[in-house]
Amino acid sequence: MAAIGKSAKIARDPRPAGGEGHAVLIGLSAAVVSVAEERPRVLVVHRSDVADALPFGTFDPLAHRTLESGLRSWVEEQTRLQLGYVEQLYTFGDRGRHTQPGDTDVHVASIGYLALTRPADNTARAPGATFEPWYRFFPWEDWREARPEMIERDILAELTRWADESEQPETARALGRKDRVRLYFGTEGAHWDEERVLDRYELLYEAGLIEEARRDGRPAALARKSIPRLGVSMRFDHRRILATAMGRLRAKLKYRPVVFELLPGEFTLTELQRTVEAISGRHLHKQNFRRLVEAGALVEPTGVMSTQTGGRPAALFRFRREVLQERPAPGLRVRGRR
């Protein structure tokens with residue numbers, strides 16, 4: 001997953017296997033998220049010869065005091081962006097996620113991180129590093145206007161056929177294919193859960209419906225004559241890491257005030273609502289949202305009016321930091337219309 005340079009340190013399992021140790025490399029990958037013009041964006045690094053990637057690099061125990069400091073160093077080196085809010089997501093260690101079948105090269109265990117930044121802090125970036133709309137990679141996750149047409153047109157019919165192919169019960173899983181399709185994609189009356197971004201991506205991967213599955217040599221993908229274009233693929237398993245980051249952030253909106261890490265110090269309530277909608281992929285009822293914000297006592301007025309709204313002046317608010325000491329889960333427990 002990570003670029004292996006001269007400074008990369010390879011940890012070897014001391015247990016012999018066929019007379020040799022197992023080479024293991026620790027990779028660090030960052031899903032750096034920002035919201036601009038009501039669009040959630042993720043920082044990607046472009047190269048002309050390969051797919052887009054998240055900023056990533058290897059952990060060097062001699063150069064990096066901690067895993068997080070290593071991540072921050074790699075992101076700054078590759079993008080010139082200094083990270084603020086950072087949290088660890090998950091360790092991705094599956095064999096074969098970004099290698100060809102039978103590959104015996106160094107095994108990468110990649111640690112994924114979620115980082116949040118404000119548009120005002122994103123001005124100085126290296127060439128080839130840009131913030132791209134995250135719905136470019138996950139178009140089926142944006143329900144703000146309506147249920148995406150591609151779910152019916154390109155996804156459900158293929159998933160249904162794939163689920164019907166499984167005649168034997170899947171004893172290794174608590175849920176069979178049909179149940180997962182129903183629960184993850186909200187069919188047959190099931191609720192669409194915006195937090196299940198990774199579950200939906202993994203289901204599409206397992207069914208061989210996304211480019212990464214074909215690139216990784218998965219049988220379900222190789223058996224297909226063609227694969228629908230379901231968003232833009234990414235290098236290695238970076239789209240899987242981004243799916244994890246999206247689901248984590250969508251869930252965290254409800255019990256932590258992380259949304260304010262994406263907003264300027266002063267903002268209107270409309271800007272706050274649009275940011276929450278952008279991340280959750282849901283349209284929110286204006287009055288219900290404002291009652292929720294008021295009841296949560298998350299913000300306080302600044303006493304200043306904004307004239308940059310394009311219409312009537314709007315009151316400016318700021319995050320009320322005292323709420324962090326007042327209760328353990330100060331988030332926005334929002335619900336969409338659908």
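If you count only protein heavy atoms with a 1.4 Å probe, what accessible area per residue comes out for segment 125-190, rounded to a whole Å²?
Per-residue accessible area for segment 125-190 comes out at 56 Å².
What FRET efficiency, computed as 1/(1 + (r/R0)^6) with R0 = 30 Å and r the Cβ-Cβ distance, is obtained for ARG153 and THR302, rounded to the nearest 0.05?
So, using R0 = 30 Å, E works out to roughly 0.05.
So how do ARG136, ARG312, ARG153, ARG173 rank on accessible area, 1.4 Å probe, biggest first, that is with the largest at the start?
ARG312, ARG153, ARG173, ARG136
Net charge near GLU77: determine it from the other residues with C-beta under 13 Å of the C-beta of GLU77, scoring Lys and Arg +1 and Asp and Glu -1.
+1
With every protein chain kept in the model, how would you rank SER34, SER48 by accessible area, 1.4 Å probe, largest at the top?
SER48, SER34
Rg/Rh for segment 184-240 to two decimals, with Rh computed the Kirkwood way over all alpha-carbon pairs.
With Rh from the inverse mean 1/r over Cα pairs, Rg/Rh is 1.01.
Computed over the Cα atoms of segment 210-338, what is the ratio Rg over Rh, Rh following Kirkwood?
My calculation of the ratio gives 1.14.
Just the accessible area for ARG161, please: 1.4 Å probe, Å², rounded to the nearest 10?
Spelled out: ARG161, probe radius 1.4 Å, area about 130 Å².
Among residues other than VAL42 whose Cβ falls under 12 Å from its Cβ, what is the net charge (Lys/Arg +1, Asp/Glu -1)?
+2
Which order do LYS286, LYS178, LYS225, LYS252 take by accessible area at a 1.4 Å probe, largest first?
Per-residue accessible area, sorted high to low, gives LYS225, LYS178, LYS286, LYS252.
Just report the Cα centroid separation between segment 175-216 and segment 260-321, whole Å.
33
The values are calculated or read from the model by the stated rules, or taken from the named source; none is laboratory data. Quantities reported herein were computed from a predicted structural model and do not represent experimental measurements. Because the Cβ atoms are built from the backbone with ideal geometry, glycine has one as well, and the counts that use them run over all protein chains shown. Note: accessible area is taken over every heavy atom of the protein model, side chains too, but ligands, DNA and RNA are not part of it. Shrake-Rupley method; radii C 1.70, N 1.55, O 1.52, S 1.80 Å.
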